[in-house]
Amino acid sequence: MKKSDRLTLFCVVALLVGTAALAMAGMAVTGLAGTKKPGGQAPVVSIAQADTVNSPKKKPSAANTFNRLMKKPASAPHASPVDDGIHDPENSGTHLLQWPTEAFQNLPGTNDGNRVDWVTALKEGAIAPRYELEDPDAEAFTMDLVIVREVKGSMPDVVYPHQEHTEWLDCTNCHDEIFVPAKGENQISMAAILLGQKCGVCHGKVAFPVTDCRRCHSKPKSVEQLRALAKRSAWPAKDSGPKKQ
Amino acid sequence: MPLKPMLAAGVGLLVAGLIAFALVNVPPGDAQAEYGDVVINNYSDDAGMRPVVFPHWFHRIRFRCNVCHAELGFEFKAGGNDINMLKIFDGEFCGACHNSEIAWGVENCVLCHTGMPGMRTRVHHSTSDRLVAPPSAKGQ
């Protein structure tokens, strides 16, 4: 065999092996890419799809999928009204509606909700929504008061800015029905929020969702607070033997 | 075949493969609705109309929450506003704008009543909507 022939043979073999490896990497990479997708539920997709890719193999029982309670993830963001699954494509008007993609193209982005940072969009003037129906020039009646709510455990405290909220809303939207305007008078829990009460009246429906923890829980505990916390929750308990340093 | 074109072909193949995978990886799903899309089906189905799909995103680009939720008195609850066509004709709720002056008028039925028939009233992608419920309790 000539040297050049050997080289060619080597290249062909390398190409074949490389292709196979790439195909596998492709699967793995799409799996990885899936986890980075906004929405946070993507890992399920890659696993579900891996099942279909390996179809010649015996499928695991449908009763024991990765997480049988997890809903299928919402698809790629910003489907057109025609194929978003809630508009009826047989309805003539559906085809006249604006696509979210078109409306959002120049707006600052986030990783969840509409994938639009609405507060920044308003601040930067990327959108100019009216504050009053009749008067296009009406200015929002805003208030610059920041409330810090101390929360349990090591979770950073909640910083609530009135400013950003009053740019959009009227005082009466929250006070007094949802929040009593007095310190210590409002019992708020994540459970209530998840059920659509308190902050959950908007957050998790139209305002950014609760999966974006750090946008609210944004003031880290001080080192002293964290030390005190660690001391209190030390294990084993104080009187059950010598403590490890 | 010389080594370089072979390598180029390999890389090309790889890139093509990755792109194909990325395209195939668009997940399926019945509800690709936009976050905050509200389906209102208080009376529509019974009246032989498609349910209404209200896109929050479209409206908040044009109006702040204040306009609908304070001035017009919409409650923060899907289905919690007793909206009917008579009220809309009279300029209440949607009718405050959908009067052919600010936005399209009520004669354009098919622009609001766009939903799949039979959908229940809900806010799409809302947290409470995503809470796991026993299959029997699911609306659809």
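The values are calculated or read from the model by the stated rules, or taken from the named source; none is laboratory data. Just so it is clear, the model here is predicted, and its values are computed rather than measured. So basically every Cβ, Gly included, is an ideal-geometry build from the backbone, and we count neighbours across all protein chains shown. Each accessible area value is taken on the protein alone, full model and side chains, heavy atoms only, with ligands, DNA and RNA left out. Shrake-Rupley method; radii C 1.70, N 1.55, O 1.52, S 1.80 Å.
Is there a residue being open to solvent by 50 Å² or more (accessible area, probe 1.4 Å), touching a Leu at 6+ places or on another chain (Cβ under 6 Å), at pLDDT 95 or above and not in a loop (DSSP other than H, G, I, E, B) anywhere in the range B:41-63?
Residues of the range B:41-63 open to solvent by 50 Å² or more (accessible area, probe 1.4 Å): B:42-43, B:45-50, B:54, B:58, B:62.
After this cut, where a residue has to be touching a Leu at 6+ places or on another chain (Cβ under 6 Å) as well, the list is none.
No: zero hits.
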Which listed residue, of B:Glu75, B:Glu107, is part of a loop (DSSP other than H, G, I, E, B), away from every other protein chain (no Cβ under 11 Å) and at pLDDT 95 or above: B:Glu107
Criterion violated by A:Asp112 - all others in (1) within 25 Å of B:Tyr35 (Cα to Cα); (2) free of Cβ contacts under 8 Å to residues at least 24 places away in the same chain; (3) of a type in the set (D, E, K, R) satisfied: (2)
Condition check for B:Ala70: at the interface with chain A (Cβ under 7 Å from one of its Cβ atoms) and open to solvent by 30 Å² or more (accessible area, probe 1.4 Å): yes
Residues of the range A:194-206 satisfying the condition of being on the phi < 0 side of the Ramachandran plot and in a loop (DSSP other than H, G, I, E, B): A:Leu195, A:Gln197, A:Cys202, A:Lys205, A:Val206
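Out of A:Lys198, A:Lys221, A:Lys231, report the one residue that is away from chain B (no Cβ under 14 Å) and either open to solvent by less than 70 Å² (accessible area, probe 1.4 Å) or aromatic (Phe, Trp, Tyr) (or both).
Values: A:Lys198 fails: away from chain B (no Cβ under 14 Å); A:Lys231 fails: either open to solvent by less than 70 Å² (accessible area, probe 1.4 Å) or aromatic (Phe, Trp, Tyr) (or both).
Checking each option against the conditions leaves just A:Lys221.
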